[in-house]
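Everything on this sheet refers to the single structure shown next.
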Amino acid sequence: MVRAIVGANWGDEGKGKITDMLAKESDIIIRFQGGSNAGHTIINDYGKFALHLLPSGVFYQHTTSIIGNGVALNIPYLVKEIQSLVDRGVPKPHILVSDRAQILMPYHVLFDTYEEERLAGKSFGSTKSGIAPFYSDKYAKIGFQVSELFDEALLKEKAERVCVQKNVLLEHLYHKPLLDPEEIYKELLSYRDMVEPYVCDVSAYLADAIREGKKILLEGQLGSLKDPDHGIYPMVTSSSTLAAYGAIGAGIPPYEIKDITAVVKAYSSAVGAGDFVSEIFGDEAEELRHRGGDGGEYGATTGRPRRVGWFDAVATRYGCRVQGATEAAFTVLDVLGYLDEIPVCIGYEIDGQVTRDFPTTPKLNKAKPVYTKLPGWKCDIRGIRKYEDLPENCRKYIEFVEKEIEVPIAMVSNGPGRDDIIIRK
Ligand code: GDP
């Protein structure tokens, strides 16, 4: 049985918490896209962790955590992340890395940084983790696959070939120091030694696991609106954030993904640039940012203050649809307990016309939010475990959102901890 846990918004919806919680009852947890450019914050018995590359199942001894072929694999980062868990008393997790995963190289980070510098004010708000240059190289067929690390002649030849191309850009476009093929080759050999204990034919492993009826979770990074095809292009990430891509990025048949849990945040937040229709500013925003998430809305990887806004039903309904969501997990609801009234964006006004359909970027650019207001519940809902025990206005908010997004809300998260969850019957 395969379930995907994916974001319906711009990321930071709390997928890590939901994955960590569901991992308890699962056998295998897989990252299928993205890299170490975004973080998942998890609070459990071992403490508070920000995971960037490892799946959020690493805290259990009975689970296998997999880095799928679709991930941008930063090998030294992986080793460091595993070590940082062990150093804090987490038993060493069982980890597998796909032999078809590609390797994020230090020059990808450099190119990311140089390009942001070159674009200056017109930049895409990259986290400078090398993700865009990595995926460009993968599809230009000049990336290094984990399997290739075990063929020295191939590595040597390819390192030289790649450097010729990269050095033209470094010299003439960026005016920066050139790459040395010998150094790249040596780097790759050191990566081979680091990753070797984890390398596995993951799609074969998963085919067996599926046959044996194992419970498998696909853990998405970021959210629908950051998808390169269906998101707010070009202010998107460079690998698909959609559940459908889980089949490719893990190496399983698409029809095996039976459940798609879209994680939906009770208000909006986003990092980086891009249109954000229900964004709020000033004191109103500062208050929500300060109270938001767990200890404020600041990026888990970058520490950047997140942009915040009211719940956007237009973007979220679309976000759930492109995910193919079969259910929603509604998160961070406890944060809204301070408000007398809660605005919800239920339409976009574009050129004088109101629409409920999420538009393409050139139109999104012109969209203005149309709000309705719901009464607040003015109390702390943390600690509540039964849906019926939630204040009436809080249930009304949930049920209003559920109707708007057209997906059943199966879980409500009312705190950052593993047990802060209300399962709806
Ligand atoms: P992810 O990338 O989707 O896993 O999300 P992040 O981990 O980046 O951001 C979610 C933030 O919200 C983290 O700080 C979580 O600890 C926190 N969080 C998750 N669920 C809840 C919740 O229900 N209530 C509160 N207050 N915080 C939550």
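The values are calculated or read from the model by the stated rules, or taken from the named source; none is laboratory data. Small disclaimer: the values here were computed from a predicted structure and weren't measured. Note that each Cβ is placed from the backbone with ideal geometry, even for glycine, and that neighbours are counted across all protein chains shown. Remember, those area values only see protein heavy atoms, side chains included, never the ligands or the DNA or RNA. Shrake-Rupley method; radii C 1.70, N 1.55, O 1.52, S 1.80 Å.
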Sole miss for L225 among (1) in a strand (DSSP E or B); (2) more than 17 Å from N69 (Cα to Cα); (3) out of contact with any Asp or Glu (no Cβ under 9 Å at 6 or more places or on another chain); (4) among the hydrophobic types (A, V, I, L, M, F, W, C) is condition (1)
Go through region 294-346 and give me each residue that's away from the ligand (no atom under 16 Å from the Cβ), open to solvent by less than 10 Å² (accessible area, probe 1.4 Å) and among the β-branched types (V, I, T). V314, V344
Which pairs turn up if I take residues in region 283-300 that are in contact (Cβ under 8 Å) with a residue 12 or more places away in the chain and look for partners that are assigned to a helix (DSSP H, G or I) and within 9 Å of the ligand (Cβ to nearest atom) with beta carbon separation below 6 Å, at least 6 apart in sequence or on another chain? R291/V335; G292/V335
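I need a count of the residues in region 259-289 that are away from the ligand (no atom under 16 Å from the Cβ) and aromatic (F, W, Y).
Pass one, region 259-289, residues away from the ligand (no atom under 16 Å from the Cβ): 259, 273-286.
This time we only want the ones that are aromatic (F, W, Y), so: 276, 281.
Residues that pass the stated criteria total 2.
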Residues located in region 108-161, provided they are touching a Ser or Thr at 6+ places or on another chain (Cβ under 7 Å) and farther than 23 Å from E182 by Cβ: D112, E116, T127, K128, S129, I131, A132, Y135
I'd like the full set of residues that are more than 21 Å from G303 (Cβ to Cβ) and either crowded, with 17+ Cβ neighbours inside 10 Å or in contact (Cβ under 8 Å) with a residue 60 or more places away in the chain (or both), limited to region 114-129. Y114, E115
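Identify, from the list D357, D389, D351, the residue that is charged (D, E, K, R) and within 17 Å of N414 (Cα to Cα).
Details: D357 fails: within 17 Å of N414 (Cα to Cα); D351 fails: within 17 Å of N414 (Cα to Cα).
Just a single option satisfies the conditions, and that option is D389.
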I'm trying to understand the selection: among the residues of region 50-77, which are open to solvent by less than 10 Å² (accessible area, probe 1.4 Å), at pLDDT below 95 and in a strand (DSSP E or B)? L51
Failed condition for G383, given (1) of a type in the set (G, A, S); (2) part of a helix (DSSP H, G or I); (3) open to solvent by 20 Å² or more (accessible area, probe 1.4 Å), with all others met? (2)
Consider K368 carefully, then state whether it is of a type in the set (K, R), at pLDDT 95 or above and farther than 28 Å from P234 by Cα. no
Take K138 and tell me if it is among the charged types (D, E, K, R) and more than 24 Å from the chain's Cα centre (by Cα). no
Can K378 be described as in a loop (DSSP other than H, G, I, E, B), surrounded by fewer than 17 Cβ atoms within 10 Å (Cβ to Cβ), touching a Phe, Trp or Tyr at 6+ places or on another chain (Cβ under 8 Å) and modelled with pLDDT under 95? no
Looking at region 66-109, which of its residues are closer than 19 Å to A38 by Cβ and without any contact (Cβ under 8 Å) to a residue 12 or more places away in the chain? K80, S84
Under 8 Å between Cβ atoms, which residue pairs at least 6 apart in sequence (or on different chains) link something in region 412-425 that is farther than 22 Å from F49 by Cα with a partner that is within 6 Å of the ligand (Cβ to nearest atom)? I422/S413; I422/N414
For the subset of region 272-292 comprising residues that are more than 18 Å from F311 (Cβ to Cβ) and under 21 Å from the mean Cα position of the chain (by Cα), which member is surrounded by the fewest Cβ atoms within 10 Å (Cβ to Cβ)? A273
Test P359 against the stated conditions and say whether it is surrounded by 15 or more Cβ atoms within 10 Å (Cβ to Cβ), within 16 Å of the ligand (Cβ to nearest atom), farther than 22 Å from E399 by Cβ and free of Cβ contacts under 8 Å to residues at least 24 places away in the same chain. no
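Condition check ((1) closer than 15 Å to I95 by Cβ; (2) hydroxyl-bearing (S, T, Y); (3) touching a residue at least 24 places away in the same chain (Cβ under 8 Å)) across all residues:
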site: T19; (1), (2), (3): no, yes, yes
site: R31; (1), (2), (3): yes, no, yes
site: A38; (1), (2), (3): no, no, yes
site: T41; (1), (2), (3): no, yes, yes
site: N44; (1), (2), (3): no, no, yes
site: G47; (1), (2), (3): no, no, yes
site: A50; (1), (2), (3): no, no, yes
site: Y60; (1), (2), (3): yes, yes, yes
site: T64; (1), (2), (3): yes, yes, yes
Can you name the condition, by its number, that A325 falls short on among (1) under 19 Å from G274 (Cα atoms); (2) within 28 Å of the chain's Cα centre (by Cα)? (1)
In region 1-48, the residues that are more than 10 Å from the ligand (Cβ to nearest atom) and in a strand (DSSP E or B): V2, R3, A4, I28, I29, I30, R31, N44, G47
